[in-house]
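The structure appears below as structure tokens.
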Amino acid sequence: MWKLLDRQMVFNYIKAYLVCLVSLMGLFIVVDLFMNLDDFIQAHNGFGSVMEHIGLYYSQKSLQVFDRLCESIVLLSAMFTVAWMQRNNELLPLLSAGVSARRVVRPVLISACLVMGLCVFNQEFVLPNVDNYLVENQSCVIVGVQATAARMSQETVAAQAMLTRFSQWQGRGPESVAADTTYANGEFLQWLADRTITPYMRTRASAKRKNSPFYGPEHFTYQPESKSYRCSAGEQLNYVGLNVRNRAQAYIGSTKCCGACCQKTKCTSGRYKYLAIHMDELARQRARELANTPEFAYAQRQRKKVEALFAELKNQIGLRRVRLRRLKFVQEQFFLAAAAQNIKRLVRFLSPPTNPVLSVPA
């Protein structure tokens, strides 16, 4: 039987959970909106159409935001529930009456576990699943299929899994891979470089760096002998440490050199220049250099064949929406659909070409 203490703790936890849910999701959406506001304005004319697009976009993205924040919200809610009890002097009388701390916290932990069920339900039954194809460009044959949740971070994971299976199947890896900007993160580019696979994909700079009026990493030259960077004015930026969260190496200049530099107004607004270089910057730089080659343009034209396969999957096969839930069942659906698409191409390869016979008048 639930006692009065249990009901009170559960009510406090639900209240804290709703507050944290609205606060964190609202903050995430506001920050994301300000970062992408220029794109919304450029895509539409008129205040009404812009607001309609923003509302439609974030109403669909809210489930993905909740999926990313659900664990943090559950933890913060539990912490706030106990902290509010302590602040209102409710915890000390319970402990003085002989109620153990474990007994007081038990309803909060049970509520947190039940709320985590919402996260699992959202991931398994609400969030859409995405179909990923690995296609051989010359024959347009699907050689890899992977179903993932609708998260951008899962696309590179799916690509690595498909490429690994293809290498084990063929005994060798592909010579090159063409993909869109979503896949061009430093970790995946380095993963391809370790396997001597040429990446034909355009890297994407962060929104902060793209909109910054100051010099970016392209204006600095790396010096391997001193493990430092040198700016266009000839000053040296020394290595100071590693930012594990952003996977970036930090380099800074000195206040003395940067303060007297004639290019300081174009370089930084602080007392000295702070330069963050991704751990896999060499792989990113190699991808940027390949983007200016004719081979890159040809590979990107060939890559459009995969879009035709997705169009065929939706329009001709009719798989606009999956008929099963759970990722393992969706994976089977995608495998069967890919097999049907490959059989169509197999029939085309095996059937002899038919040349029309023209009758010659006598």
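The values are calculated or read from the model by the stated rules, or taken from the named source; none is laboratory data. In this text the structure is predicted, and so the values were computed from the model without any measurement. Here the Cβ positions follow ideal geometry from the backbone for every residue, glycine too, while neighbour counts run over all protein chains shown.
The numbered conditions (1) more than 28 Å from Thr148 (Cβ to Cβ); (2) modelled with pLDDT under 85 are all true for Asn122 except (1). When the helices (runs of 4 or more DSSP H) confined to region 220-335 are screened for residues that are surrounded by 15 or more Cβ atoms within 10 Å (Cβ to Cβ) and touching a residue at least 40 places away in the same chain (Cβ under 8 Å), those reaching at least 3 such residues are found at 281-290, 294-315.
For region 93-102, which positions are surrounded by 11 or more Cβ atoms within 10 Å (Cβ to Cβ) and without any contact (Cβ under 8 Å) to a residue 40 or more places away in the chain? Answer for region 93-102, where residues must be surrounded by 11 or more Cβ atoms within 10 Å (Cβ to Cβ) and without any contact (Cβ under 8 Å) to a residue 40 or more places away in the chain: Leu95, Ala101. Is it the case that Ser139 is under 19 Å from the mean Cα position of the chain (by Cα), of a type outside the set (Val, Ile, Thr), surrounded by fewer than 16 Cβ atoms within 10 Å (Cβ to Cβ) and not in a strand (DSSP E or B)? So Ser139 does not fit the description; no. Screening region 13-130 for helices (runs of 4 or more DSSP H) wholly inside it with 1 or more residues that are closer than 30 Å to Gln331 by Cβ returns the ranges 47-87, 101-121. For region 143-152, the set of residues classified as under 16 Å from Val177 (Cβ atoms) and surrounded by fewer than 19 Cβ atoms within 10 Å (Cβ to Cβ) consists of Val143 only.
Could you say whether any residue in region 182-192 is in a loop (DSSP other than H, G, I, E, B), surrounded by fewer than 17 Cβ atoms within 10 Å (Cβ to Cβ) and modelled with pLDDT under 85? Checking region 182-192: not a single residue is in a loop (DSSP other than H, G, I, E, B), surrounded by fewer than 17 Cβ atoms within 10 Å (Cβ to Cβ) and modelled with pLDDT under 85.
Among the residues of region 161-178, are any of a type outside the set (A, V, I, L, M), surrounded by fewer than 16 Cβ atoms within 10 Å (Cβ to Cβ), modelled with pLDDT under 80 and assigned to a loop (DSSP other than H, G, I, E, B)? For region 161-178, residues of a type outside the set (A, V, I, L, M), surrounded by fewer than 16 Cβ atoms within 10 Å (Cβ to Cβ), modelled with pLDDT under 80 and assigned to a loop (DSSP other than H, G, I, E, B): absent.
When Phe11 is tested against (1) within 26 Å of Arg151 (Cβ to Cβ); (2) at pLDDT 85 or above, only condition (1) is not met.
So if I check each of Arg303, Arg286, which one is more than 30 Å from Asn238 (Cβ to Cβ) and of a type outside the set (A, V, I, L, M)? One residue alone meets the criteria, Arg303.
None of Ser176, Ser228 is touching a Phe, Trp or Tyr at 6+ places or on another chain (Cβ under 8 Å) and closer than 26 Å to Ala260 by Cα except Ser228.
Take Ala158 and tell me if it is modelled with pLDDT under 90, assigned to a helix (DSSP H, G or I) and surrounded by 18 or more Cβ atoms within 10 Å (Cβ to Cβ). Even if it seems obvious, please write down each step before you answer.
Numbers: modelled with pLDDT under 90: yes; assigned to a helix (DSSP H, G or I): yes; surrounded by 18 or more Cβ atoms within 10 Å (Cβ to Cβ): yes.
Spelling it out, Ala158 is indeed modelled with pLDDT under 90, assigned to a helix (DSSP H, G or I) and surrounded by 18 or more Cβ atoms within 10 Å (Cβ to Cβ).
Quick one: is Arg301 among the basic types (Lys, Arg), under 23 Å from the mean Cα position of the chain (by Cα) and modelled with pLDDT of 80 or more? The answer is no for Arg301. Residue count for region 308-362 under the criterion of being at pLDDT 85 or above, closer than 14 Å to Val130 by Cβ and of a type in the set (Val, Ile, Thr): the result is 0.
If you take the residues of region 28-76 that are of a type in the set (Val, Ile, Thr) and under 30 Å from Gly117 (Cβ atoms), which of them is surrounded by the most Cβ atoms within 10 Å (Cβ to Cβ)? Full working, then the answer.
First pass over region 28-76, keeping only residues of a type in the set (Val, Ile, Thr): 29-31, 41, 50, 54, 65, 73-74.
Keeping just the survivors that are under 30 Å from Gly117 (Cβ atoms) gives 29-31, 65, 73-74.
Numbers: Ile29: 16, Val30: 11, Val31: 10, Val65: 16, Ile73: 24, Val74: 22.
My answer is Ile73.
When you look at Ala299, is it on the phi < 0 side of the Ramachandran plot, touching a strand residue (DSSP E or B) at 6+ places or on another chain (Cβ under 6 Å) and not charged (D, E, K, R), yes or no?
Numbers: on the phi < 0 side of the Ramachandran plot: yes; touching a strand residue (DSSP E or B) at 6+ places or on another chain (Cβ under 6 Å): yes; not charged (D, E, K, R): yes.
Criteria met by Ala299.
Can you find, within region 142-155, the residue that is modelled with the highest pLDDT among those that are among the hydrophobic types (A, V, I, L, M, F, W, C) and under 16 Å from the mean Cα position of the chain (by Cα)? Selected residue: Ala147.
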